[in-house]
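Have a look at the structure below before the remarks.
Throughout, read-outs are computed from the coordinates displayed, never taken from laboratory work. Quantities reported herein were computed from a predicted structural model and do not represent experimental measurements. Here the Cβ positions follow ideal geometry from the backbone for every residue, glycine too, while neighbour counts run over all protein chains shown.
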Amino acid sequence: MSFWTDPTIEPKRAYRWIMNIGGIPQWLLKKAGKPAYTISKTTHKYINHSFHYPGKVEWQPISVTLADPVAPDASATMQDILAASGYHVPENADDISTVSKAASINALGRVVIAQVGPDADVVEEWELVNAWISDAKFGSLDYDSDEMTDVEIEITYDYAKLTVSGVAVPIG
């Protein structure tokens, strides 16, 4: 029986989600991708045949779009995260600090994407392990538009953990 004919089955909805990321207020988040992975393949050729074998798993970065209000300023928040990651502008010749993975992970904090059900219960939760911001775009300006300004970020992570209705889904 399909969900549209069975009133006891509730599909997950794209608009029912919350995300915790780097101290950014949840109401600033407009759009977020869910984790995805790719498995590489290697091909073995033998005479007139090709045999395909799975290779390495690579988790793909996710994109997140934030509204950029005057206060709290999302652009300033991104700059604060960049500074906490170890980046400093080259104004002081004695400052030789650089961005590190550990500092970038700590600057962003724990990143969790949760889908909620109709009763606001968490039905699916993804935790991005060792997440850090790998790309930030601060929108564009246009005299012909009255749209809000957005900040788009890309988050890279080592792997993702899935929890469904409070139960961790093991991988391996």
Label-reachable residues, segment 139-172, where backbone N falls under 19 Å from a point 7 Å from residue 84's Cα toward its Cβ:
151-158
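About the Cα centre of segment 101-172, how large is the charge dipole given +1 on each Lys and Arg Cβ and -1 on each Asp and Glu Cβ? Please answer in debye to the nearest 20. Intermediate values should be presented prior to the final figure.
Working: 4 positive and 14 negative charges, 130 e Å.
In debye, rounded to 20, segment 101-172 gives about 620.
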Size of the dipole of the chain about the Cα centre, Lys and Arg at +1 and Asp and Glu at -1 on the beta carbon, nothing else charged, in debye to 20?
1060
Return a single number: how many Lys pairs in segment 17-166, at a sequence separation of 8 or more or on separate chains, have alpha-carbon atoms below 25 angstrom apart.
15
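Kindly provide the trypsin sites (Lys or Arg not before Pro) of segment 1-103 that DSSP labels as loop, not H, G, I, E or B, and whose Cβ sees at most 16 other Cβ atoms within 10 Å.
Working: sites: 12, 13, 16, 30, 31, 41, 45, 56, 101; in loops: 12, 13, 16.
When the trypsin sites (Lys or Arg not before Pro) of segment 1-103 are filtered for loop state and at most 16 Cβ neighbours within 10 Å, 12, 13, 16 remain.
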Using alpha carbon centroids, what distance separates segment 116-135 and segment 1-70, in Å?
11
Packing-based exposure ordering (other Cβ within 10 Å, fewest first) of 57, 123, 70
70, 57, 123
Within 10 Å of each residue's Cβ, count the other Cβ atoms and sort 132, 27, 17 from fewest upward.
27, 17, 132
Tell me which of 64, 100, 52 sits at the most positive position along the dipole axis of the chain, charges placed on C-beta atoms (Lys, Arg +1; Asp, Glu -1).
52
Between 120, 28, 84, whose Cα lies farthest towards the positive end of the dipole of the chain when Lys and Arg beta carbons carry +1 and Asp and Glu beta carbons carry -1, centred on the Cα centre?
120
Would you calculate a helix-derived [θ] at 222 nm for the chain, using -39,500 (n - 2.57) for each DSSP H run of n ≥ 4 and dividing by the full residue count, to the nearest 500?
-3000 deg cm²/dmol
